[in-house]
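Below: one structure, written as C-alpha cells.
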C-alpha cells in the first residue's frame with residue numbers, strides 16, 4: 001500500500017491574513033482599499049498546497065464521491081499570473097505560468113506538433129483556468145479541461161467540467177493541510193492489536209503477489225515490512241510499517257520505498273477491526289484492517305468517506 005506524504009504550507013494563509021487585517025485598518029481610518037489590492041489579496045490566498053477534504057457534488061451516491069481534480073495540488077501567484085506548480089495534470093507539466101488576461105501559454109508535448117494550451121482569468125472573486133490538449137500540428141483540441149477556484153469560509157471550493165463536457169459541474173472542498181483537524185485518538189495499547197501479527201500473503205488475478213509480515217507486539221510497538229512482486233517475479237514496491245503506542249493511543253506509521261514517514265491515528269478498534277485515519281494526507285486518508293471469521297485478513301485504503309477503496313485480501317502464510 002503505497003503512501004504519499006502531504007507537506008504543510010501555511011505561508012499563503014499568513015499573507016492573506018495580513019492583507020485582510022490591512023484592509024480592515026484602512027476601512028477604520030476612512031480609507032477604502034483599491035479593487036486591485038482586494039484582488040491581489042484574494043489571489044494570494046490561493047498560494048500553497050491544497051488537500052482534498054470532501055466531495056460536494058449534488059446528487060452523487062456514496063460510491064461516486066471523488067475529487068474533481070487531484071487529491072493534492074499546489075499554486076503560486078504573481079501580480080498578474082497564476083503558476084500551476086504541481087498536481088494540475090496537463091501531461092505532467094509543472095510550474096506553468098499563465099497570465100490572467102486570457103493570453104495563452106503553450107507547452108510543447110512529447111511528440112511533434114503536440115502541445116497543451118493554457119488560459120486563465122479572474123472574475124467575481126474566482127480563478128478559472130482551461131487546458132486544451134492538441135495532439136498534432138494543425139488539429140483541433142482533443143480535450144478541454146476547465147476548473148474554477150473560489151475561496152469560502154470553509155476553504156477552497158473547486159469546480160470542474162469532469163464528465164460534463166464544457167460546463168462546470170463536480171465540486172469539492174480543499175484546505176491547506178494545517179487547516180484540516182485531526183481525529184480524536186481511540187484509547188488502546190499495542191497488545192490490543194496482537195491479532196494483526198504474523199505473515200500475511202495475497203495475490204492478484206494479474207499474477208502479482210503482495211505480503212505484509214507483522215511482528216508480535218513488544219516494547220510498545222509492532223513492526224512490519226510489505227513487498228509487492230509483479231507477474232514477472234520482480235519486486236515492484238516495498239514499504240516499512242510500524243504501529244506504536246503514543247499518548248494513550250496507537251499510531252500507524254508508513255514509509256513506502258523508505259520515504260519519509262506518514263502517520264495515521266487509530267480511531268476505531270475491536271478484536272477484528274482497526275481503523276487508522278489521517279485526513280491531512282492526500283491519499284489514502286484511511287487504512288482499515290479487518291480479520292474475518294475464517295482467519296483471512298483484508299486491508300482497505302481510501303478516502304474518509306465514499307469513493308472506491310482499494311482492497312488487499314490476505315491469507316496467513318503457512319510456514320513449512
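Taking the residues in segment 267-319 that are in contact with a helix residue (DSSP H, G or I) (Cβ under 8 Å, 6 or more places away or on another chain) and part of a strand (DSSP E or B) as candidates, determine which candidate is nearest to residue 239 (Cα to Cα). The residue in question is 289.
Within segment 111-133, the set of residues being without any contact (Cβ under 8 Å) to a residue 12 or more places away in the chain and either touching a helix residue (DSSP H, G or I) at 6+ places or on another chain (Cβ under 8 Å) or assigned to a loop (DSSP other than H, G, I, E, B) (or both) comprises just one member, 124. Checked against (1) over 21 Å from the mean Cα position of the chain (by Cα); (2) surrounded by fewer than 13 Cβ atoms within 10 Å (Cβ to Cβ); (3) modelled with pLDDT under 95, residue 103 passes all but a single condition, namely (3). Here are 95, 71: which of them is loosely packed, with under 13 Cβ neighbours inside 10 Å and in contact (Cβ under 8 Å) with a residue 12 or more places away in the chain? After ruling out the rest, the residue left standing is 95. Against the test of being more than 23 Å from residue 305 (Cα to Cα) and either in contact with a helix residue (DSSP H, G or I) (Cβ under 7 Å, 6 or more places away or on another chain) or surrounded by fewer than 13 Cβ atoms within 10 Å (Cβ to Cβ) (or both), the options 143, 61 yield a single qualifying residue, 143.
The values are calculated or read from the model by the stated rules, or taken from the named source; none is laboratory data. Remember, predicted model here, so these are calculated numbers, not experimental data. We place every Cβ from the backbone using ideal geometry, glycine too, and count neighbours over all the protein chains shown.
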